[in-house]
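What follows is a short report on a single structure.
The values are calculated or read from the model by the stated rules, or taken from the named source; none is laboratory data. Please read all numbers here as calculations on a predicted model, not as lab measurements. Glycine also receives a Cβ, built like all others from the backbone with ideal geometry; neighbour counts cover every protein chain displayed. Remember, those area values only see protein heavy atoms, side chains included, never the ligands or the DNA or RNA. Shrake-Rupley method; radii C 1.70, N 1.55, O 1.52, S 1.80 Å.
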Amino acid sequence: MREIVTEITRRNQHWTRIWTSTSARRMRRVAVTLFPATSAWLLALVLAAPASADDAARLHPWAENPRYWQYKNQPVLLLGGSKDDNLFQIPDLQQHLDEIQAAGGNYIRNTMSDRPDKDFEVYPFHRLPDGKYDLERWNDEYWKRFEALLRGTAERDIIVQIEIWDRFDHARDNWEPHPYNPKNNVNYTYAQAGFDEHYPDHPGRNKQPFFFTTPPQRNNTVVLKYQQRFVDQMLAHTLKYNHVLYCMDNETSGEEAWGAYWAGYIRERAAEQGKKVCVTEMWDAWDLKSAEHRRTLDHPERYDFADVSQNNQKKGQEHWDNFQWVHQRIAAQPRPLNTVKTYGADGGRYGDNRDGVERWWRHIIGGAASARFHRPDSGLGLSEPAVASLHAARKLESLIKLWGVEPAQELLRDRKPNQAYLAARSGQAYALYFTDGGSVGLDLTSAPGSFEVRWIDIGTGNWGRQETLTGGAVVTVTAPARGHWVAAIKKQ
């Protein structure tokens with residue numbers, strides 16, 4: 001693999017000239033011509049390379065280990081938590097970005113959602129004096145807020161993962177006042193759009209024609225042109241920046257063709273400007289082994305990374321095992337696995353604080369490229385436990401780079417279910433996470449010598465005690481106390 005990556009790097013200047021003069025669709029044909037024996041994962045890696053020399057600082061999978069991201073020419077672990085999802089709409093945006101940065105966060109989720117959940121959200125379209133909307137005209141306030149988010153995050157080196165469409169915006173009570181509802185705009189009628197006035201069912205039942213407009217589906221040109229216009233306006237803002245990822249939907253269970261169309265559309269629009277962007281889809285299925293998730297996992301030519309946030313509906317050992325199944329499934333075609341929504345908070349519907357912290361840390365130790373605490377009360381947001389975990393993770397990163405180790409449960413002995421999780425570079429470095437204290441055996445039989453152990457208290461984010469281990473055998477590692485702990489074990 002190293003030799004292949006070196007060859008890609010050697011040809012990068014030639015590849016750059018091809019990219020800047022070729023459309024995205026033609027580029028895929030050129031890639032196959034240049035690398036006739038290329039496997040699917042290698043083709044994805046090539047397509048993920050920066051589009052030009054000036055674009056080298058853009059966020060893209062790291063060439064040396066494409067399971068992680070590279071930004072400004074350096075590998076980066078994306079961690080975060082925030083108090084809302086459509087973050088650009090909140091009134092105290094800049095203050096909250098400062099809080100995220102101070103906690104060690106460099107990653108946010110931003111849905112383009114406009115539903116009026118908290119009374120400060122606005123729609124993207126111009127409202128006429130009679131109360132109806134004109135989909136041909138913009139509400140400048142919406143896009144001003146969006147630009148402020150992009151500018152503020154760029155200044156702080158905070159990566160933005162955008163979700164373009166949210167099915168909950170167009171169902172139940174949220175559909176009634178929405179500008180896309182024909183009764184609320186001056187651009188089309190129910191008959192022209194093929195819409196009903198009401199959609200009372202859960203959006204997971206996929207009865208909303210809004211998500212069937214693309215040419216491979218129903219080819220609803222009346223509505224599609226306004227959807228395209230919206231995406232074009234979004235890209236007019238985002239393509240100026242290097243720190244943006246694109247997810248087509250929020251936990252969709254819709255048709256595969258919908259997300260595939262928009263992924264291709266965004267690629268094409270970016271390529272027209274000489275830009276390379278990274279796109280994915282987020283599926284609703286809680287089981288990562290489902291056919292839905294394979295639409296992303298098995299298509300590196302279409303999706304540059306996978307968001308597996310719905311794994312955070314699972315708990316304990318199953319949560320780890322399912323993520324590791326995905327980790328192994330893409331081993332021949334490695335890409336970043338992002339988790340932009342970590343569920344679990346006291347008082348929420350998806351587990352308690354312990355579940356939230358465990359899920360976040362299992363993904364980090366397990367090889368995820370990103371981990372973010374979901375907004376309250378479905379997640380810990382940027383609460384005290386979330387901030388403590390962020391501080392603890394950055395302390396661990398200062399000693400052991402997570403992109404330099406691999407999941408290594410096979411090195412643990414006398415482990416109870418869901419007790420401890422390990423990532424390692426055998427003989428050199430071991431990151432060992434305890435969910436609630438205790439002891440495990442660590443197999444250092446093939447690693448003689450002394451190892452320094454530095455404990456980090458995840459509950460507080462503070463450093464714990466230091467100690468030394470002697471390798472060459474299976475050694476017992478005991479956490480300082482009950483609770484969440486992580487140990488950085490390094491060869492002296």
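A few remarks follow.
- The Gln273 and Lys401 beta-carbon pair, evaluated with R₀ = 25 Å, returns a calculated FRET efficiency of approximately 0.15.
- Under the Debye formula (equal points on every Cα, no solvent term), log10 I(q)/I(0) of the stretch 104-172 at q = 0.12, 0.16 Å⁻¹: -0.40, -0.67
- Which listed pairs, of Lys315/Lys416; Lys289/Lys314; Lys83/Lys395, have C-alpha distances above 18 Å, in listed order: Lys83/Lys395
- Remark on the stretch 176-326: Rg and Dmax equal 17.2, 53 Å (Cα only).
- Point-charge dipole on Cβ atoms (K/R +1, D/E -1) for the chain, about Cα centre, debye to 20: 1480
- Between Lys225 and Arg415, the simple spin-label model (points 7 angstrom out along Cα→Cβ) gives 5.8 nm.
- Acute angle (nearest 10 degrees) that the helix 24-34 long axis makes with the longest principal axis of the chain, alpha-carbon atoms: 40
- Computed from the C-beta positions of Gln94 and Glu176, the FRET efficiency with R₀ = 51 Å rounds to 0.95.
- Candidate values [x] 23.6; [y] 26.5; [z] 25.3 were compared with Kirkwood radius over Cα pairs in Å computed on the shown model; the agreeing label is [x].
- Euclidean distance between Cα centres, the stretch 204-275 to the stretch 341-356, Å: 31
- To the nearest ten degrees, helix 353-366 and the longest principal axis of the Cα atoms of the chain are 80 degrees apart.
- Computed FRET value (nearest 0.05) for Trp138 with Ala473, which takes r as the C-beta separation and R₀ as 60 Å: 0.35
- Cα long-axis angle, helix 256-272 against the chain (0 to 90 degrees, to the nearest 10): 90
- Across the accessible surface of the chain, with the other protein chains kept in place and a 1.4 Å probe, carbon and sulfur atoms take up 48 percent.
- With one equal scatterer per alpha carbon and no solvent term, the Debye-computed log10 I(q)/I(0) for the stretch 368-467 at 0.12, 0.14, 0.17, 0.20 1/Å reads -0.44, -0.60, -0.87, -1.17.
- Residue by residue, the stretch 481-491 carries 3J(HN,Hα) couplings of 6, 5, x, 7, 9, 10, 10, 9, 10, 10, 5 Hz when phi is fed to the Karplus relation 6.51 cos²θ - 1.76 cosθ + 1.60 (θ = phi - 60°); x denotes Gly or Pro.
- The loop-placed GluC sites (Glu not before Pro) in the stretch 168-255, going by DSSP, that have at most 13 neighbouring Cβ atoms within 10 Å of their Cβ come out as Glu197.
- Total formal charge among the other residues, if their Cβ is under 13 angstrom from that of Ile100, Lys/Arg +1 and Asp/Glu -1: 0
- Net charge over other residues, Cβ less than 14 angstrom from the Cβ of Gly404 (K, R count +1; D, E count -1): +2
- If you take the Cα centroid of the stretch 84-143 and the Cα centroid of the stretch 419-492, the two points sit 43 Å apart.
- Estimated at 0.36 nm per residue, the fully extended path between Ala148 and Gln428 surpasses their Cα-Cα distance by 96.4 nm.
- Relative protection proxy for 273-285, 304-316, from highest mean packing down: 304-316, 273-285 (other beta-carbon atoms within 10 angstrom).
- Taking 7 Å steps out from each Cα toward its Cβ at Asp201 and Ala291 produces label points 1.8 nm apart.
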